[in-house]
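The values are calculated or read from the model by the stated rules, or taken from the named source; none is laboratory data. Quick caveat: nothing in here was measured; it's all calculated off a predicted structure. Cβ coordinates were reconstructed from backbone atoms using ideal geometry, including for glycine residues, and neighbour counts include every protein chain displayed.
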Protein chains: 2
Amino acid sequence: MTTILGTRLPLIQGALAQLSTAPLVSAVSAAGGLGVLTTVDLTPTTLAAAIAAVRAATDQPFGVNLMLQQPNMAALIPYLIEHPVPVVTTSAGTPKAFCAALQAVGTKVVAVIPSVKVARKMVALGVDALVAEGMESGGHIGTSTTFSLVQQVTAAVDLPVFAAGGIADSTGVRAAEALGAVGVQSGTAFLLAQETPIAPAYQQALIAADDTATVVTGRALGDAVRCLANPLTAAYFAAEADGADAAALHALLDGSLGRAIAGDVDHGTMMAGQIAGKLTQVASAQAIVQAMYA
Amino acid sequence: MTTILGTRLPLIQGALAQLSTAPLVSAVSAAGGLGVLTTVDLTPTTLAAAIAAVRAATDQPFGVNLMLQQPNMAALIPYLIEHPVPVVTTSAGTPKAFCAALQAVGTKVVAVIPSVKVARKMVALGVDALVAEGMESGGHIGTSTTFSLVQQVTAAVDLPVFAAGGIADSTGVRAAEALGAVGVQSGTAFLLAQETPIAPAYQQALIAADDTATVVTGRALGDAVRCLANPLTAAYFAAEADGADAAALHALLDGSLGRAIAGDVDHGTMMAGQIAGKLTQVASAQAIVQAMYA
């Protein structure tokens, strides 16, 4: 039995900017889920290398995520039409300009959406499936919560819907299914995978986090990002309260994900969802998959 | 079969400030749930009249909500110890000073909590049950979402947990149970009860709302409130962006719930949860209960 995505399990590994590279992606796909490559900062050449590495490690389906506000999209989209992959997930924009072209070469297109309105637009566009992502997710977020969003999207559209936000184990999977989802997308849980190229200090901060350990920066900038509270986020909120302008706020945040990944847990942005409070240990990607689908 | 609260159904009607008066409360309790009286602006005399009206209408258990930041608590708490009711729910504070005294006269104490940390404090205090309330709820909210909060609270404590936030029908109930809750608290759904003394214009705004129709005011004031977006909330956010001080922001919001209830949908605060997007009609309290527990 396979899912709409060709995988054994209805589980998508959420793309992790700079982190979901070939080792994690191939391990998730080999375990039965859909590993999804990040394309942040990639060129067609480096993307080709990442895809080749996944294919060398597993014959299972995988995906490539397109963050549509990234400047490299104009180069990567034509490359993916020329060199098809099983699945493309899209976020932070509409795949309108290239959805049909990808589907014509056999690629499933899965759109990450934050509202019923955008879900309906994606249905009209003809995408293959949706990820309804709640604002408890780590990284860039909307305003609707998983519990509210998923049940309203599944009631409104006929496409397969994967729930995202707050899911790290079988409890989350069962609740997502009760809300009408066919499966889940999970991101934060895979930050603790052994295969993820992340500093141990970032992973330890995730393990230490409780249910209220995250905050949302960037609301004033129109770019809300959920991450672990730390000295950087305290400095950000202090600057915001002092009336700092957008340039000053961006100066605090720009490049800060890279700092966190490198282990600077005081000055980096440690993207994480609210479910971080439930995470207790570093484990193999396979074990993380099995915690959701035993 | 009865629940921990003595009701037939594991359903608590969330207290609605100024709105959950005797007609709604008695109708919910008669339908098998736990109707809960608001005490906002009540004195012992007017609370006694409300309780008498509920008892005249039904012999089923009901509750009284104590918003612990309200100035009338010093008068109402001694009254409820002298004149016991089946259930008291508490919010916006700790029932530490009076929990044991209420339980000694046979009252079940149910604490509404926003985090695992507060849940653990309530367990130590010996309350009878918890309501874990997500930030998709209407009115005063915390930061954790229903999906994230409920599964983390139920994993952390042994008390019965009712889930609140995003629940208006049987889909929400099943998902809450999957997250480990024994039942639910629902507030926004009962704004559309025929028995609720609310202006038709407010109810029509709820029916017209979609899944992203709510906003959160008061974050800068430390008093986050979820309500339907309208000209008042636009004015509030404009003032906040202009650097208005707390007094100016309070001047916009103070008394605004009363204006909404009276039908001023432009200048009132129409408290509502994100689940408003799923509500389609005014109905009897009994029908609303049956939509959750058929």
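Filtered by the rule that a residue be part of a loop (DSSP other than H, G, I, E, B) and either away from chain B (no Cβ under 14 Å) or touching a Cys at 6+ places or on another chain (Cβ under 8 Å) (or both), segment A:99-142 gives A:Val105, A:Gly106, A:Thr107, A:Gly126, A:Val127, A:Asp128, A:Gly138. You will find that of B:Leu19, B:Leu47, the residue that is touching a helix residue (DSSP H, G or I) at 6+ places or on another chain (Cβ under 7 Å), assigned by TED's automatic domain parsing to the domain that holds B:Thr89 and assigned to a loop (DSSP other than H, G, I, E, B) is B:Leu19 and no other.
Residues in segment A:240-265 that are part of a helix (DSSP H, G or I), within 14 Å of another protein chain (Cβ to nearest Cβ) and of a type in the set (Gly, Ala, Ser): A:Ala241, A:Ala246.
B:Ala92 meets each of the listed conditions (1) within 9 Å of another protein chain (Cβ to nearest Cβ); (2) under 28 Å from B:Leu253 (Cβ atoms); (3) of a type outside the set (D, E, K, R) apart from (1). Closer than 25 Å to A:Gly165 by Cα, touching a strand residue (DSSP E or B) at 6+ places or on another chain (Cβ under 8 Å), buried (at least 21 other Cβ atoms within 10 Å of the Cβ) and outside the structural domain of A:Gly187 (by TED's automatic domain parsing): is that true of A:Leu5 in this structure? Against the criterion (closer than 25 Å to A:Gly165 by Cα, touching a strand residue (DSSP E or B) at 6+ places or on another chain (Cβ under 8 Å), buried (at least 21 other Cβ atoms within 10 Å of the Cβ) and outside the structural domain of A:Gly187 (by TED's automatic domain parsing)), A:Leu5 qualifies.
Quick grid of which residues meet (1) at pLDDT below 95; (2) surrounded by fewer than 15 Cβ atoms within 10 Å (Cβ to Cβ); (3) in contact with an Asp or Glu (Cβ under 9 Å, 6 or more places away or on another chain):
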residue	(1), (2), (3)
B:Thr214	no, no, yes
B:Gly222	yes, yes, no
B:Ala229	no, no, no
B:Val265	no, no, no
B:Ile275	no, no, yes
B:Ala285	no, no, yes
B:Tyr293	no, no, no
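A:Leu206 - would you say it is away from chain B (no Cβ under 13 Å), within 21 Å of the chain's Cα centre (by Cα), of a type in the set (A, V, I, L, M) and part of a helix (DSSP H, G or I)? Criteria met by A:Leu206. Each residue in segment A:85-109 was checked for being under 23 Å from A:Thr7 (Cβ atoms), surrounded by 13 or more Cβ atoms within 10 Å (Cβ to Cβ) and not hydrophobic (A, V, I, L, M, F, W, C), and 8 pass.
If I filter segment B:238-261 for residues that are closer than 16 Å to B:Thr188 by Cβ and either of a type in the set (Val, Ile, Thr) or surrounded by fewer than 20 Cβ atoms within 10 Å (Cβ to Cβ) (or both), do I get at least one hit? Yes, there is a match, as at least one residue in segment B:238-261 is closer than 16 Å to B:Thr188 by Cβ and either of a type in the set (Val, Ile, Thr) or surrounded by fewer than 20 Cβ atoms within 10 Å (Cβ to Cβ) (or both). Tell me whether segment B:120-127 contains one or more residues that are in contact with a helix residue (DSSP H, G or I) (Cβ under 8 Å, 6 or more places away or on another chain), under 26 Å from A:Gly172 (Cβ atoms), aliphatic (A, V, I, L, M) and crowded, with 24+ Cβ neighbours inside 10 Å. Checked against the condition, which is being in contact with a helix residue (DSSP H, G or I) (Cβ under 8 Å, 6 or more places away or on another chain), under 26 Å from A:Gly172 (Cβ atoms), aliphatic (A, V, I, L, M) and crowded, with 24+ Cβ neighbours inside 10 Å, segment B:120-127 yields no hits at all.
When segment B:169-185 is filtered for residues that are of a type in the set (A, V, I, L, M), more than 9 Å from chain A (Cβ to nearest Cβ) and farther than 12 Å from B:Tyr293 by Cβ, the ones remaining, listed by number, are B:Ala181, B:Val182.
Restricting attention to segment B:219-237, the residues that are closer than 15 Å to B:Gly268 by Cβ and in a loop (DSSP other than H, G, I, E, B) total 2. The residues of segment A:186-203 that are part of a helix (DSSP H, G or I) and away from chain B (no Cβ under 14 Å), listed by number, are A:Phe190, A:Leu191, A:Leu192, A:Pro200, A:Ala201, A:Tyr202, A:Gln203. A:Gln69 falls short on exactly one of the conditions (1) polar (S, T, N, Q); (2) modelled with pLDDT under 95; (3) crowded, with 21+ Cβ neighbours inside 10 Å, and that condition is (3). Within segment B:155-166, the residues that satisfy the criterion of being surrounded by fewer than 24 Cβ atoms within 10 Å (Cβ to Cβ) and either closer than 15 Å to B:Glu133 by Cβ or more than 10 Å from chain A (Cβ to nearest Cβ) (or both) are B:Val157, B:Asp158, B:Leu159, B:Pro160. As a summary of the residue check, A:Ala176 satisfies the conditions (1) assigned by TED's automatic domain parsing to the domain that holds A:His140; (2) without any contact (Cβ under 8 Å) to a residue 24 or more places away in the chain except for the one numbered (2). Going by what's in this entry, would B:Gln13 be described as under 23 Å from B:Ile141 (Cα atoms) and modelled with pLDDT under 95? So B:Gln13 fails the test. Working carefully through the options B:Gln194, B:Gln185, find the one that is surrounded by fewer than 16 Cβ atoms within 10 Å (Cβ to Cβ), among the polar types (S, T, N, Q) and in contact (Cβ under 8 Å) with a residue 24 or more places away in the chain. On inspection, the qualifying residue turns out to be B:Gln194. Would you call A:Ala234 exposed (fewer than 14 other Cβ atoms within 10 Å of the Cβ), farther than 21 Å from B:Val116 by Cα and modelled with pLDDT of 95 or more? The answer is yes for A:Ala234. Among the residues of segment A:172-203, those that are of a type in the set (Val, Ile, Thr) and under 17 Å from the mean Cα position of the chain (by Cα) comprise A:Val173, A:Val184, A:Thr188, A:Thr196, A:Ile198. In contact (Cβ under 8 Å) with a residue 60 or more places away in the chain, closer than 24 Å to A:Gln18 by Cβ, part of a helix (DSSP H, G or I) and polar (S, T, N, Q) - does that describe any residue in segment A:275-288? Yes, some residue in segment A:275-288 is in contact (Cβ under 8 Å) with a residue 60 or more places away in the chain, closer than 24 Å to A:Gln18 by Cβ, part of a helix (DSSP H, G or I) and polar (S, T, N, Q). Of all the residues in segment A:188-241, those that are in contact with a helix residue (DSSP H, G or I) (Cβ under 6 Å, 6 or more places away or on another chain), among the hydroxyl-bearing types (Ser, Thr, Tyr) and over 26 Å from A:Leu11 (Cα atoms) number 2.
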